[in-house]
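Just below is one structure, and these are the notes that go with it.
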Amino acid sequence: MELITMEYITIIIAVVALAVGYILANTIIKKQANSNSKKIIAEAKGAADVLRKDKVIQAKEEILQLKSKHESWSNGKSKEIQRSENRINQKENTLNQKFEDLKKKQRELSQKNEHYEDSLRRLDKKEKDLEKSHRQQVEQLEVISNLSAEDAKKQLIEVIKNEAKTDAIAYVNDILEEAKANANIEAKKIVVETIQRTATEHAIENAVSIFHIESDEIKGRIIGREGRNIRALEAATGIEIIVDDTPEAIILSGFDPVRREIARLSLHKLVTDGRIHPARIEEIVAKTKKQIEQEIVDIGKRTIIDLGIHGMHHELLRMVGRMKYRSSYGQNLLQHSREVANLCATMASELGLNPKLAKRAGLLHDIGKVPDNEPELPHALLGMKLAEKFKEKPEVCNAIGSHHDEVEMTSLFAPIVQVCDAISGARPGARREVAESYINRLKELEGHALNFPGVVKTYAIQAGRELRVIVGADQIDDEQANKISFELSKKIQEEMTYPGQIKITVIRETRAIAYAK
């Protein structure tokens with residue numbers, strides 16, 4: 001029992017000890033927890049105070065920055081407003097100044113207007129005084145001359161009529177001289193064209209080509225035994241071959257430039273090959289004819305391609321190519337036709353017409369100079385018939401036929417072609433002038449001036465378009481120099497034929513010379 005009681009007591013004591021230990025432990029834990037919580041709370045409060053103070057400081061700094069920015073912006077706006085006010089004030093002052101200037105100018109204009117009106121009144125008064133004085137003078141002249149004003153007018157009219165008749169006669173003489181000069185030029189042109197198109201018994205430069213050879217030994221081979229080779233060559237080409245004493249040259253004579261070119265090329269091939277006999281001659285001439293015909297067609301094609309012309313008949317193409325072997329006064333016919341075509345296109349564009357049609361008419365205006373046969377027609381009419389035959393437009397045909405006034409002009413292209421043809425032919429250097437006649441004209445021009453007394457020297461310059469006359473200063477005075485200039489111009493107009501006009505300059509000078517020794 002005691003043992004059991006002791007166990008119970010021990011258990012109770014243990015339970016009580018556990019309970020007391022639990023209570024003590026719980027109490028201690030609570031005290032520690034309270035102590036820790038207070039410590040944590042105190043730390044949290046301290047951290048919160050520090051954070052609050054930092055935020056307050058940061059907020060104050062941001063407020064200061066915003067305040068500074070606002071003050072800067074406000075200051076900038078104030079300055080800009082101040083500048084605007086200054087500009088406005090300056091413009092206002094400028095406008096006020098201009099307004100004052102306008103008022104001043106208005107006052108000046110008013111004064112000038114009053115002065116102008118006064119001047120007009122004075123002029124009116126002077127005109128009336130002049131009219132009155134003129135009437136008085138007329139009356140006095142009538143009394144002195146015993147002539148009325150009407151009679152004096154009649155006499156003055158008679159004098160003016162006589163002077164007008166003299167000037168008219170001089171003008172008629174000028175026209176006659178010009179007509180003679182143009183007739184002479186046209187006659188030369190017709191002669192050259194006729195020689196090119198028709199066989200005659202006279203040979204000139206336009207009917208001759210020169211074939212150069214390296215040595216005179218080749219002449220014998222070209223002639224052949226008993227002249228067989230040269231006869232075969234003449235028969236095949238239709239060109240007369242002249243082998244004379246001219247060193248290293250053979251003359252090809254004929255009026256068809258295409259045949260002369262065939263003969264020249266054939267001779268060149270034969271001499272280069274070395275085999276010269278009748279059979280070889282016929283073979284080479286036949287090949288050369290084909291080559292030239294193809295070259296003529298190629299030239300025609302290249303020409304219309306260069307000019308931008310399309311849809312031309314093959315025969316007209318061939319005639320355009322044949323123009324390369326024709327010339328007029330030394331001017332190549334194809335080059336002349338190309339110039340006329342370009343000039344016509346430019347002029348038609350300026351006038352608002354079709355430039356392509358004008359260019360076509362300009363290129364074809366001289367095709368009558370290169371026909372295959374030789375009809376007895378002027379080249380303008382022949383060219384018009386050829387253009388009509390190959391279906392060219394009526395405007396083109398009329399322009400071709402009327403560019404030398406053989407037919408009436410019915411379109412605006414006709415005068416354009418006529419004018420451009422004259423421009424191309426009259427261009428300086430386009431056509432040759434016979435040197436002998438040119439020199440004689442200059443000598444005659446200088447000779448007329450030398451016939452005047454007091455003339456020391458004369459010089460014809462600028463191709464005869466200006467005459468410088470030097471007179472002696474001790475023999476001729478200024479009035480006599482003017483008289484020489486006038487009389488010399490009249491004499492040249494009456495006695496000479498020349499293109500354009502001639503400027504006459506009379507030079508009178510005095511030179512004082514001394515030497516310092």
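The values are calculated or read from the model by the stated rules, or taken from the named source; none is laboratory data. Just so you know, these numbers come straight off a predicted model, no measurement behind them. So basically every Cβ, Gly included, is an ideal-geometry build from the backbone, and we count neighbours across all protein chains shown. To get the accessible areas, we keep the full protein, side chains included, count just its heavy atoms, and leave off ligands, DNA and RNA. Shrake-Rupley method; radii C 1.70, N 1.55, O 1.52, S 1.80 Å.
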- Item | Gain on full stretching of the segment that runs from residue 108 to residue 517 - 0.36 nm per residue minus C-alpha separation | 140.5 nm
- Cα-Cα over 28 Å: which of 290/356; 161/491; 53/79? 290/356; 53/79
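Carbon-plus-sulfur fraction of the accessible area of the range 326-408, 1.4 Å probe, in percent?
Details: 1860 of 3620 Å².
Carbon-and-sulfur percentage of accessible area, whole number: 51.
Hey, what's the range 228-331 come to in accessible area per residue, 1.4 Å probe, Å²?
Working: 4870 Å² over 104 residues.
Roughly 47 Å² per residue, with all protein chains present.
Which peptide among 85-92, 357-364 comes first, and what is the full order, when sorted by highest mean count of other Cβ atoms within 10 Å?
Details: 85-92: 10.0, 357-364: 27.9.
My ranking of the peptides, most packed first, is 357-364, 85-92.
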- Query: Tell me, in nm to one decimal, what length is gained between residue 120 and residue 501 on full extension, where the rule is 0.36 nm per residue of separation less the Cα-Cα distance?
  - Reply: 132.4 nm
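Could you sort out which of 369/391; 45/67; 289/359; 269/301; 369/393 sit more than 28 Å apart by Cα distance in this structure? Present the calculation step by step, with values, prior to reporting the outcome.
Values: 369/391 19 Å; 45/67 32 Å; 289/359 31 Å; 269/301 26 Å; 369/393 20 Å.
Over 28 Å Cα-Cα: 45/67; 289/359.
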- Net charge of neighbours whose Cβ lies under 14 Å from the Cβ of residue 407, counting Lys and Arg as +1 and Asp and Glu as -1: -4
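Subtract the Cα-Cα distance of residue 86 and residue 377 from 0.36 nm times their separation in residues, and report this length gain in nm to one decimal. Show your work: numbers first, answer last.
Values: separation 291, 0.36 × 291 = 104.76 nm, distance 9.32 nm.
So the chain would gain 95.4 nm between residue 86 and residue 377.
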- Item | Percent carbon-and-sulfur accessible area, the range 438-517, ignoring ligands, DNA and RNA, probe 1.4 Å | 48 percent
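Take peptides 42-51, 345-354, 503-512 and line them up by average Cβ neighbours within 10 Å, highest first, as a rough protection proxy.
Output ranking for 42-51, 345-354, 503-512: 345-354, 503-512, 42-51.
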- May I ask you to order 101-114, 379-392 by the average number of other C-beta atoms within 10 Å around their residues, highest value first? 379-392, 101-114
- Describe numerically, in nm with one decimal, the distance between label points set 7 Å from Cα along Cα→Cβ at residue 154 and at residue 130. 3.0 nm
- In this structure, the FRET efficiency calculated for residue 354 and residue 249 from their beta-carbon separation, with R0 = 56 Å, to the nearest 0.05, is 0.65
- Query: So what J values fall out for the range 360-370 if you push phi through Karplus, 6.51 cos²θ - 1.76 cosθ + 1.60 with θ = phi - 60°, rounded to Hz, Gly and Pro as x?
  - Reply: 5, 5, x, 5, 8, 5, 10, 5, x, 8, 10
- Task: Enumerate the lysines that residue 104 could reach by cross-link, defined here as Cα to Cα under 23 Å, with residues fewer than 8 away along the same chain left out.
- Result: 91, 112
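Averaged per residue, what accessible surface does the range 455-517 expose to a 1.4 Å probe, in Å²?
Numbers: 4600 Å² over 63 residues.
Here the residues of the range 455-517 average 73 Å² of exposed surface.
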- Query: Within the range 218-304, which trypsin sites (Lys or Arg not before Pro) sit in a loop by DSSP and count at most 15 neighbouring Cβ atoms inside 10 Å?
  - Reply: 275
